[in-house]
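The values are calculated or read from the model by the stated rules, or taken from the named source; none is laboratory data. Just so it is clear, the structure is predicted and the values come from calculations on it, not from any experiment. No Cβ is skipped: glycine too gets one built from the backbone with ideal geometry, and neighbour counts run over all protein chains shown. Side chains included, ligands, DNA and RNA excluded: accessible areas come from the protein's heavy atoms. Shrake-Rupley method; radii C 1.70, N 1.55, O 1.52, S 1.80 Å.
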Amino acid sequence: SSGRMGEHYSKKELGKDMYQFFIEDENAAEDFVTIEGSDVNHIKNVLRMKPGEKIRVCTRNGQNYFCSISDITESFVRADILEKEAESTELPCRIYLFQGLPKNDKMEWIIQKTVELGVYEVIPVAMKNCVVKLDEKKAAKKLQRWQAIAESAAKQSKRTVIPTVKQPVTYKEALKIASELDITLVPYENERGMDATREIMGQLKAGQTIGVVVGPEGGFAPEEIALVDEHATMHRISLGRRILRTETAGLAALAMLVYNLDV
């Protein structure tokens, strides 16, 4: 595709080591974008960028642009759009991670790494064997931090959307949300081992919504797994013959999905 005045920008020039910024959808005009907020100080005083430098800009709904900075002021940075609809870094399926609330700050690590791997939404779940209990005030503060980690990881891994971290839900609420997805994978003992996993992964198609439900440190309670078995679109899968920690299971499932889905 060609840029302004017939110029052509190679993938290398538009590529991986370019700084990336997110903007609200309304901050993208026909031929320029406006960056506001904390990124202005970052561009001006930390990165010390100058007009003419190239950046990558993504809107919240996943439209991305390659741009050239034209104006840097105290309150905004304006950049001319050189290329629209550049190659997306998103997976062809939306993946929802339902994560049993883990101890300490493991959730932060899980969010960072699953965002790198392409997760679309992270839904923390209060389950029977969760040690952590979040009251509303604590949850709101945590959520703010978790969303900031998701945004930072999205920038670092050159995502074209910022994944959302949702309010923690109960296990029953999680299953209700999951039941509306095309397919949900539940890493848990499976008597057919990896054969079952390969079979299910092989059936996935672009455009599907996929859930992954991961138990907390203490694992799933028997009654929680029994509820999984009642749903036709929910499948227990194996992630191998070793026991994985809660912070490893989601990553392993995501990596398998990337292998099966990414182009």
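Some notes on this structure:
- Scanning the range 85-105 for residues that are touching a strand residue (DSSP E or B) at 6+ places or on another chain (Cβ under 9 Å) and either among the basic types (Lys, Arg) or open to solvent by 50 Å² or more (accessible area, probe 1.4 Å) (or both) gives Glu85, Glu87, Ser88, Thr89, Arg94.
- Number of positions in the range 228-254 that are open to solvent by 50 Å² or more (accessible area, probe 1.4 Å) and either among the polar types (S, T, N, Q) or touching a residue at least 40 places away in the same chain (Cβ under 8 Å) (or both): 6
- Among (1) crowded, with 17+ Cβ neighbours inside 10 Å; (2) in contact with a strand residue (DSSP E or B) (Cβ under 7 Å, 6 or more places away or on another chain); (3) at pLDDT below 95; (4) not β-branched (Val, Ile, Thr), the one test that Leu134 misses: (2)
- Cross-chain or 6+ apart pairs with Cβ under 7 Å, the range 45-66 first and touching a residue at least 40 places away in the same chain (Cβ under 8 Å), then assigned to a helix (DSSP H, G or I): Arg60/Asp25; Asn61/Asp25
- Filtered residue count, the range 167-202, keeping only those that are open to solvent by 70 Å² or more (accessible area, probe 1.4 Å) and part of a helix (DSSP H, G or I): 6
- Here Val161, Val119 are screened, and the one residue that is touching a residue at least 60 places away in the same chain (Cβ under 8 Å), open to solvent by less than 10 Å² (accessible area, probe 1.4 Å), within 23 Å of Ile183 (Cα to Cα) and assigned to a loop (DSSP other than H, G, I, E, B) is Val119.
- Complete set of residues in the range 16-59 that are farther than 15 Å from Thr73 by Cβ, acidic (Asp, Glu) and not in a helix (DSSP H, G or I): Asp17, Glu24, Glu30, Asp31, Glu53
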